[in-house]
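Below is one structure; the comments refer to it alone.
Just so it is clear, none of the values below were taken in a lab; they were calculated from the coordinates. None of the values given here were measured: they were computed from a predicted structure. Every residue, glycine as well, gets a Cβ built from its backbone with ideal geometry; the counts of neighbours run over all protein chains shown.
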Amino acid sequence: MTPASTGRLVILTGPSCVGKSPLHNALRRFHPELSDRLHKLVLMNSRAPRPGESDGKDYHFRTRSQIKALKADSRYVVLDVRGDLQALNFDELKNALRDADVFFEGNPFMGRVLATHPSLAGLERLTVFLSPLSSEEITYLKAPERHISLPEFVTDIMRRKLLRHVRRQKGELSARDLENIEIRASSAFRELQDAWQFQYVIPNHDGEDSDNWDAFYFLIGDARKTLAAFVDLLRGSVPPAVEK
């Protein structure tokens, strides 16, 4: 990065449906003084918009061929993310960092690029991974006497969250919906294995399927604790519930 880049890059990542989007929404709702300082980084994505998403706000939705063509352009990094192509414009990121802090909320594959890419060396970063399990739970489940396959267990956790969440969005699910849910759920364990590459891990059991984010005016359960932990990290302190 050039010396002109003065902003901080804030990365919030984790498996699909772990609660990243409702956490970001809760930050805007309850702590606008923090959220207003964050310029959202918007990636290109080859998939179609999901219910409630809009072009230019959630992603720049482009065709697969358009994004694939960017692989030849050194200004972009292009990744296959659970079967979809996503692209990041490094020039756009660097320009944004000259004026403000930049916020990335998304998958761990692109999150890892932002956290480790050599062209971003020396940049001030806050990197946070949302996990569907705590380290204590993982240790408990991995014990040989449990006779549990942790990859299958994590997949089932995320499959249930995704099924509840997508049913809320669409009602009846198509075969394509179910296939996409399975792809996203089965990717979660591999993504969890990358959590060590981020500075902080927040265990959060209230995924995007949980009523605790929006059924009441105030957050309850892990939704409330997760927001409080993220706010503390943004303000420069590390609360006891945050793991490394």
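Of interest is the spacing of the C-alpha centroids, which for the range 84-136 and the range 196-244 amounts to 18 Å.
Just rank 20, 57, fewest to most, by other beta-carbon atoms within 10 angstrom. Write down the numbers at each step before the final one.
On the way: 20 23, 57 10.
Going from sparsest to densest Cβ surroundings: 57, 20.
Considering every Cα-Cα pair within the range 1-135, what fraction, in whole percent, is farther apart than 18 Å?
Details: 5082 of 9045 pairs.
It works out to 56 percent of all Cα pairs.
Got a sec? How would 216, 198 order by Cβ neighbour count within 10 Å, fewest to most?
Values: 216 10, 198 24.
Going from least to most buried by this count: 216, 198.
The ranking of 226, 6, 127 from fewest to most other beta carbons within 10 Å of each one's beta carbon is 6, 127, 226. Inter-label distance, residue 143 to residue 28: 4.3 nm, where each label sits 7 Å from its Cα along the C-beta direction.
Bridges between two residues of the chain, per DSSP, are antiparallel at a rate of about 30%.
Before rounding to the nearest 500, sum -39500 (n - 2.57) across all DSSP H runs of length at least 4 in the chain and divide by the residue total; then give [θ] at 222 nm in deg cm²/dmol.
On the way: 9 runs with 99 residues, N = 244.
Rounded to the nearest 500, it is -12500 deg cm²/dmol.
Taking only the C-alpha atoms of the range 141-244, the Rg (one decimal) and the largest Cα-Cα distance, Dmax (whole number), read 15.9, 45 Å.
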